[in-house]
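The values are calculated or read from the model by the stated rules, or taken from the named source; none is laboratory data. The structure displayed is predicted, hence computed values, not measured ones. Every residue, glycine as well, gets a Cβ built from its backbone with ideal geometry; the counts of neighbours run over all protein chains shown.
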């Protein structure tokens, strides 16, 4: 048990502290029905990273982060401008297109650089087992600031996603939402990879939608689901010697099935 | 395989982390001594700059960060840092340097303070309640400080106790040799009177048999007025005072004016290594520079 | 018979003779006794004189000892009864007690000074004002906490005294994980100026934008705050304050006087749950640009319910930037340059409400937007002398109710301060006030301040 804690301590801390904000943002995303925006934003940020590597910077330099952040903001602008009430072209299609084009551009850029491929692979798969405490605290600090913005402006953000009447200057608030979302997603992708990020965003939110109606209720269900799945996944990964990220995703899948069964039972 | 890599990485990290002790001192003279005693096993940072007035240090927020990471805080302890240190320490969330903790070293404990006031009254200027806090100008007080600091280091980092004690012994022997030399150089001037801008030098003067009781400031912290300067000039002429001691943050022009009136020479002194050119190598080198400059000035003035 | 007479005569004479002899004897005896007692008396006199002398010497010595006993206990020395137990010395006493007073004197072109000087600690009338006399008690409560209390006395326009508890809080000094918790009642940490005590202000009066957002008394309320020092190489601190939000001192929230700027009847609002508290997050950072320059950046926001309706809420955001320069060999801290600027914006959701002026009119649901900023530059050009200049602007969007508190205003204030020591100051300031619809007002104010006792150091 002690050696388990030694190895699993920091992954456990990361999985308990960080998904909280992801679950909340997941509720927004699921409500807006733009499930793949997180994948698209993560890919756009990676494109920024690729460009930085091509320009000769190291993947962990501040210039890299700068390029990545800049591209995230551009991506957020694109999604703001394409959010129309016009349902001829679903926004999801445009998001998919952005994702694919960004991925292709990334491959094209990295074909001209030596270490780019490793970087690309790492982003996709990630490994929460090797997370460092410094990374965790910096991400917690960033999430605290973003959560504070969401608390202060909860009226406007909730009206955007859940309300019928959008707030004044809706485009501006939309843009801010996507920018902050982009930062949250790209920082978690650095720790856990795209698959784990996507799972934490969507699965607890869907479970919450099955089991609760009010926002506080959905948040509670979402947080409980995420915590349970994290602990189960980490334990399973240690006991059965499985890759950690994949184990957590599977655990999340299990909770989704359970929630569906409970909801069906109640109906 | 991954687990093995992780464990060896964390083992390496912990070894590296234990190597250096994080020492923060309030003034650069204590930093120089901590460096002598600690050597390679410590990283030393001084909060006040060498040319800065220690009574008026600007307590920047970056000090909060430095103190938060510190294992040891070394302060004078004679209320020189009164205006800025305790409010800072309250914000640092660091239990290792709380008053009374092992990592909090107040050097004044090891030293006997001079000029302890018997009444406290701000109409007498900005006086220090515990006595004159500029005690590090006496090299024997510097030795006492080094002993106290070495003791603190040994208590917090017992593994390196041998190294600290060896470094202390080396420092002490160097100091004793130089002390004999300094006493020889200033011996011929026993009883000579020197003027100073502020009452920083009683310990230095006391060690070498000089008199430092004439100040350009009428009261501590109060700038000189024409009337007070006239009085000082008269006294300097009467006692044939040859030297006026001024520190980097004090008004040199006032001292130069008095010097031209009396034929004395203005000496650039500093309490801290690095405050004046030629003093940045360390504590012993600082005292050496001060003794040399003073001896040269008093020699020139000899009839 | 003859024998009897002789005996009788003899007997009669005997006493006479005896008396004579007695008289002679008494004298003789007296003399003799005196002779005998003389040495004894002399010895006694000698002894008493010695005793008196010794007593006088002892008193003299005691006076001498008392004169050389230090006034305060020295580190490591035994305490002597001649020394008092120090309550009032910073750094190593039970607590710091200080008393600080401001006195304002001046003139304004408008007789109703209160209408242009909105702050409670500003000069409030032509002539003399005593806006602030504060007692501050501060010290370590025990190894775990530090406490502070701040009581302020003010004299109003009719020289009546008001007393106010400005601050009273408890703060932890060494929690784990670089956290710090504070609970009580204190000036909220929103921006740089709101948490400052009036005697530490760089100008005689409070900036217009703070008056607009936080009211005349600054924002403060009972609450709790947790703050986290981030593990970054530069100073960065995240704070989250939670306040009750009730009263005039939270001007933009559940403020019973809020009808002054939205014009409608106020609604009684009680806390229904944690969503009805006021939340105030803040991020404060500082960067040492060089040995002599420091840059401080901060952002803060406040959100909470207001009392125009059951679901109405207010949001305020603000940012602040400060730049300081001071050379290494500054004489007593001079020369220095300090530039500070703060900007704020407020969204005030006003629900449908009945107008206070005319009960038949219902004011519509709207969001009132107010904003403003100030910039001040201070130049300490000579030891003890500081020249300052402040420019400020506040504005508001149009609303159904025309409030005097929401007019566009511009103000420019140059000033000069002389600090004989850190414990006293004399300041002269000129205000040029341009108010939309009212025109220009000019005021000249002089301020004196003194500090008694020991006061903790102010934040950088």
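When you check residue B:115 against the structure, is it under 22 Å from the mean Cα position of the chain (by Cα), assigned by TED's automatic domain parsing to the domain that holds residue B:87 and on the phi > 0 side of the Ramachandran plot, yes or no? Spelling it out, residue B:115 is indeed under 22 Å from the mean Cα position of the chain (by Cα), assigned by TED's automatic domain parsing to the domain that holds residue B:87 and on the phi > 0 side of the Ramachandran plot.
Is it fair to say residue C:303 is within 12 Å of chain A (Cβ to nearest Cβ), closer than 26 Å to residue C:356 by Cα and either assigned to a loop (DSSP other than H, G, I, E, B) or touching a helix residue (DSSP H, G or I) at 6+ places or on another chain (Cβ under 6 Å) (or both)? The answer is yes for residue C:303. When C:133, C:124, C:159 are checked against the criterion of being more than 20 Å from residue C:460 (Cα to Cα) and in contact with a helix residue (DSSP H, G or I) (Cβ under 6 Å, 6 or more places away or on another chain), a single residue qualifies: C:124. Of all residues in the range C:398-426, those satisfying the criterion of being within 14 Å of chain B (Cβ to nearest Cβ) and part of a strand (DSSP E or B) are C:418, C:419, C:420, C:421, C:424. Considering only the range C:333-348, how many residues are surrounded by fewer than 17 Cβ atoms within 10 Å (Cβ to Cβ) and either outside any strand (DSSP E or B) or within 10 Å of another protein chain (Cβ to nearest Cβ) (or both)? Number satisfying all stated conditions: 1. From the residues in the range C:247-290 that are in a strand (DSSP E or B) and either over 25 Å from residue C:185 (Cβ atoms) or modelled with pLDDT under 90 (or both), which one is farthest from the other protein chains (Cβ to nearest Cβ)? Per the criteria, the residue is C:264. Restricting attention to the range B:39-54, the residues that are within 12 Å of the chain's Cα centre (by Cα) and either closer than 14 Å to residue B:87 by Cα or buried (at least 21 other Cβ atoms within 10 Å of the Cβ) (or both) add up to 6.
When residue A:188 is tested against (1) crowded, with 20+ Cβ neighbours inside 10 Å; (2) in contact (Cβ under 8 Å) with a residue 60 or more places away in the chain; (3) more than 18 Å from residue A:27 (Cβ to Cβ), only condition (3) is not met. Which residues, counting only those in the range B:126-143, are within 14 Å of chain C (Cβ to nearest Cβ), without any contact (Cβ under 8 Å) to a residue 60 or more places away in the chain and touching a helix residue (DSSP H, G or I) at 6+ places or on another chain (Cβ under 9 Å)? Passing the criteria: B:130, B:131, B:133.
Listed by position, the helices (runs of 4 or more DSSP H) contained in the range A:75-163 that have at least 1 residues being surrounded by 18 or more Cβ atoms within 10 Å (Cβ to Cβ), more than 14 Å from every other protein chain (Cβ to nearest Cβ) and modelled with pLDDT of 80 or more are A:91-110, A:154-162.
Among the residues making up the range C:306-332, those that are farther than 20 Å from residue C:287 by Cα and away from chain A (no Cβ under 13 Å) are C:307, C:308, C:309, C:310, C:329, C:330, C:331, C:332.
Selection over the range C:110-160 of residues that are in a strand (DSSP E or B) and either within 30 Å of residue B:99 (Cα to Cα) or in contact with a strand residue (DSSP E or B) (Cβ under 6 Å, 6 or more places away or on another chain) (or both) gives a count of 26. Restricting attention to the range B:109-125 and to residues that are farther than 16 Å from residue B:82 by Cβ and without any contact (Cβ under 8 Å) to a residue 40 or more places away in the chain, the residue that is surrounded by the fewest Cβ atoms within 10 Å (Cβ to Cβ) turns out to be B:123. Would a scan of the range B:183-193 turn up a residue that is more than 19 Å from residue B:32 (Cα to Cα), in contact (Cβ under 8 Å) with a residue 40 or more places away in the chain and touching a strand residue (DSSP E or B) at 6+ places or on another chain (Cβ under 6 Å)? Checking the range B:183-193: at least one residue is more than 19 Å from residue B:32 (Cα to Cα), in contact (Cβ under 8 Å) with a residue 40 or more places away in the chain and touching a strand residue (DSSP E or B) at 6+ places or on another chain (Cβ under 6 Å). Quick check: is even one residue across the range A:180-190 farther than 30 Å from residue C:318 by Cα and away from every other protein chain (no Cβ under 14 Å)? Yes, the range A:180-190 contains a residue that is farther than 30 Å from residue C:318 by Cα and away from every other protein chain (no Cβ under 14 Å).
In the range C:291-300, the residue that is farthest from residue C:232 (Cα to Cα) out of those that are away from chain A (no Cβ under 14 Å) and surrounded by fewer than 22 Cβ atoms within 10 Å (Cβ to Cβ) is C:292.
Checking B:192, B:145, B:166 one by one, the residue that is more than 30 Å from residue B:123 (Cβ to Cβ) and surrounded by fewer than 21 Cβ atoms within 10 Å (Cβ to Cβ) is B:166 and no other. Of the helices (runs of 4 or more DSSP H) lying entirely inside the range B:1-111, the ones with 1 or more residues being facing chain C (nearest Cβ under 7 Å) and at pLDDT below 95 are found at B:61-68, B:85-90.
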